[in-house]
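First comes the structure, then the notes that go with it.
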Amino acid sequence: MSRYALTVTILATLVLALALLSLTAGPAGIDVTQGLSDMLHGRATIAATIIGQIRLPRMTLALLIGATLGLSGAALQGLVRNPLADPGVLGISGCGALGAVLVFYTGVSAVWAPALPLAALSGAGLATLLLLVLTRGGTLVLVLAGAALGSMSAALLALTLNLVPSPYASYEIMHWLMGSLSRASQQDVLIAMPGLLIGSALLFSTGRSLDALTLGEDVAQTMGFSLRVVQWRVVIGTALAVGSGVAVAGGIGFVGLVMPHLLRPLAGARPSRLLLPSALGGAALLLAADLFVRLPVSGAELQLGVVTSLIGTPVFFWQVWRLRGRPV
């Protein structure tokens, strides 16, 4: 078995183990196997309710959101050819969060619950449209446009928090921005699933194009790969996947940076070979982080985005240290 196949097999096994462990984690001591059986056979037992309404949606979202964040990071790093890139580099996460925060601020989410995820998706979609309109040049223009959108969304988020009249509303906004799956529901899964799956499919379809881009934009175009088409696929795929994740889980950062960086020595330098391992690694990381925040030692206030940031920040600085003085 090749090193790549062994890496994928180990990661897939780890994801499966963590997913099963996620179903068992919780204060209620229930038989998970019996609960799954009751749920599948339509028996309204306590175990089936806990598994179906609480633990299964939370596990599903952790797996899918983690996978799409890792996949998005790998695709973006292949597109911009910079190992420091992650889904936040295009400003899509920030704009999605801004849309949700505006719904918080106006109080619409208190009247109509689906308004929150729909606003986050709308913010991510608007950011994508702006990127596609602004990006007429090469990859550098795409990165600069993303940085501008990220700065704008951060400024507007700060302004909104500054204008919130109620301390409770301000706390709710900050709580949501730090990311969490504690309130995950079946409705959240249904809302996020289409964007997560379609976005992932678009990102996986860019493998050969990203490989060609490693030879340079001019060479890739002579090989029949359009830079503009690749950009559209990566940007739209990232918007759908990351925007859907932000819509139901809030801000969760650094997964897209950490996993491609850690797995590149095992998967190889070709971007296409890094996509699947990064998706599996991202799923494993978010499942493990979500398990950690449920431990009594972690405290009730610790948020999922805080854990991923604490993991990702040292890796980010390590990568910056390794790349100092070298063009990227």
Can you list the helices (runs of 4 or more DSSP H) lying wholly within segment 83-150 that have 1 or more residues being closer than 23 Å to W232 by Cα and under 21 Å from the mean Cα position of the chain (by Cα)? 92-106, 115-134
Just name the residue that is surrounded by the most Cβ atoms within 10 Å (Cβ to Cβ) out of those in segment 125-158 that are closer than 13 Å to G94 by Cβ and of a type outside the set (G, A, S). L131
Pairs needed: first member in segment 207-235, aromatic (F, W, Y); second member anywhere, not in a loop (DSSP other than H, G, I, E, B); C-beta distance under 7 Å; at least 6 residues apart or different chains. F225/S209; F225/A212; W232/L132
Do the conditions hold for W176, that is, is it part of a helix (DSSP H, G or I) and under 23 Å from P83 (Cα atoms)? no
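For segment 182-201, give me each residue that is under 22 Å from L291 (Cα atoms) and either surrounded by 15 or more Cβ atoms within 10 Å (Cβ to Cβ) or not charged (D, E, K, R) (or both). If you could, list the steps in order and put the result at the bottom.
Our first condition is that a residue be under 22 Å from L291 (Cα atoms); within segment 182-201, this holds for 182-189, 192-193, 196.
Those that are under 22 Å from L291 (Cα atoms) and either surrounded by 15 or more Cβ atoms within 10 Å (Cβ to Cβ) or not charged (D, E, K, R) (or both): S182, A184, S185, Q186, Q187, D188, V189, A192, M193, L196.
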Collect the residues in segment 159-172 that are in a helix (DSSP H, G or I), surrounded by fewer than 16 Cβ atoms within 10 Å (Cβ to Cβ) and hydroxyl-bearing (S, T, Y), keeping them in residue-number order. Y168, Y171
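Within segment 70-77, does at least one residue satisfy the condition of being more than 24 Å from D290 (Cβ to Cβ) and buried (at least 20 other Cβ atoms within 10 Å of the Cβ)? Walk me through how you get there before you give the answer.
Filtering segment 70-77 for residues more than 24 Å from D290 (Cβ to Cβ) gives 77.
Still in the running and buried (at least 20 other Cβ atoms within 10 Å of the Cβ): 77.
Among the residues of segment 70-77, at least one is more than 24 Å from D290 (Cβ to Cβ) and buried (at least 20 other Cβ atoms within 10 Å of the Cβ), which makes the answer yes.
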Would you tally the residues in segment 246-304 being under 25 Å from L190 (Cα atoms) and of a type in the set (G, A, S)? 14
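Answer yes or no: is there a residue in segment 207-227 that is among the aromatic types (F, W, Y) and under 30 Å from L295 (Cα atoms).
In the first step, residues of segment 207-227 are kept if they are among the aromatic types (F, W, Y); the result is 225.
With the extra rule that they be under 30 Å from L295 (Cα atoms), the set shrinks to none.
No: segment 207-227 contains no residue that is among the aromatic types (F, W, Y) and under 30 Å from L295 (Cα atoms).
How about segment 179-203: which of its residues are of a type in the set (D, E, K, R) and either assigned to a helix (DSSP H, G or I) or within 14 Å of the chain's Cα centre (by Cα) (or both)? Steps first, answer last, please.
At the first step, the residues of segment 179-203 found to be of a type in the set (D, E, K, R) are 183, 188.
Residue satisfying the conditions is D188 alone.
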Considering only residues that are farther than 19 Å from L126 by Cα and of a type in the set (K, R), which ones fall in segment 199-250? R208
Can you go through T60, T45 and tell me which one is farther than 29 Å from A158 by Cβ, among the polar types (S, T, N, Q), within 17 Å of the chain's Cα centre (by Cα) and surrounded by fewer than 23 Cβ atoms within 10 Å (Cβ to Cβ)? T60
In segment 251-301, the residues that are buried (at least 16 other Cβ atoms within 10 Å of the Cβ), part of a helix (DSSP H, G or I) and not hydrophobic (A, V, I, L, M, F, W, C): G256, P260, H261, R264, P271, S272, R273, P277, S278, G281, G282, D290
Pairs under 6 Å by beta carbon, first residue without any contact (Cβ under 8 Å) to a residue 60 or more places away in the chain in segment 178-191, partner exposed (fewer than 13 other Cβ atoms within 10 Å of the Cβ) and among the aromatic types (F, W, Y), six or more apart or different chains? none
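FYI, it's all coordinate maths here, none of it is from the lab. Note that the structure is predicted; figures quoted are calculated from it, not measured. Please note: Cβ atoms are built from the backbone with ideal geometry, for glycine as well, and neighbour counts cover all protein chains shown.
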